[in-house]
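Down below is the structure, laid out as structure tokens.
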Amino acid sequence: MVKGLKAIDELKVNLIQAQWLVHHGTLSGSEDEMIQGLADLVGMSYLLARRLGFDFSRLDRMLLQRLDSLKITDEMCLEKQWGDLSLLLSYLAPED
């Protein structure tokens with residue numbers, strides 16, 4: 001149990017570090033830092049979900065639900081201005 005808690009804490013720290021990397025990359029104009037930080041955020045989120053007892057597929061389903069909700073409310077105008085949410089949803093769940 002203690003090892004599990006330690007892993008969870010380490011993953012949470014890694015998420016914060018990844019967020020910092022994205023922030024630093026945007027300030028410095030470093031594409032490498034930005035994309036590395038974004039990849040780390042995604043990967044660490046999946047690993048943390050697993051350590052917290054969730055299946056990857058459950059996280060996937062929740063992500064799709066959240067994106068659908070964001071598309072409907074479009075509070076950041078990402079859909080209206082650029083169609084980002086539709087593009088991401090079609091990438092994550094193609095309707096072949």
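The values are calculated or read from the model by the stated rules, or taken from the named source; none is laboratory data. Quantities reported herein were computed from a predicted structural model and do not represent experimental measurements. Here Cβ is always computed from backbone atoms with ideal geometry, including for glycine, and neighbour counts include all displayed protein chains.
Select from the range 18-35 the residues that are surrounded by 14 or more Cβ atoms within 10 Å (Cβ to Cβ) and farther than 28 Å from P94 by Cβ and list them in ascending order.
Of everything in the range 18-35, those that are surrounded by 14 or more Cβ atoms within 10 Å (Cβ to Cβ) and farther than 28 Å from P94 by Cβ turn out to be Q19, L21, G25, S30, E33.
Can you tell me which residue in the range 16-62 is farthest from K6 (Cα to Cα), limited to those that are under 16 Å from the mean Cα position of the chain (by Cα) and among the β-branched types (V, I, T)?
I35
Could you tell me whether S86 is hydroxyl-bearing (S, T, Y), surrounded by 14 or more Cβ atoms within 10 Å (Cβ to Cβ) and at pLDDT 95 or above?
no
I'd like to know if the range 36-58 contains one or more residues that are in contact (Cβ under 8 Å) with a residue 24 or more places away in the chain, more than 28 Å from I8 (Cβ to Cβ), surrounded by 15 or more Cβ atoms within 10 Å (Cβ to Cβ) and not small (G, A, S).
To start, the set of residues in the range 36-58 that are in contact (Cβ under 8 Å) with a residue 24 or more places away in the chain comprises 40-41, 44-45, 47-48, 51-52.
Adding the requirement that they be more than 28 Å from I8 (Cβ to Cβ) leaves none.
No, the range 36-58 contains no residue that is in contact (Cβ under 8 Å) with a residue 24 or more places away in the chain, more than 28 Å from I8 (Cβ to Cβ), surrounded by 15 or more Cβ atoms within 10 Å (Cβ to Cβ) and not small (G, A, S).
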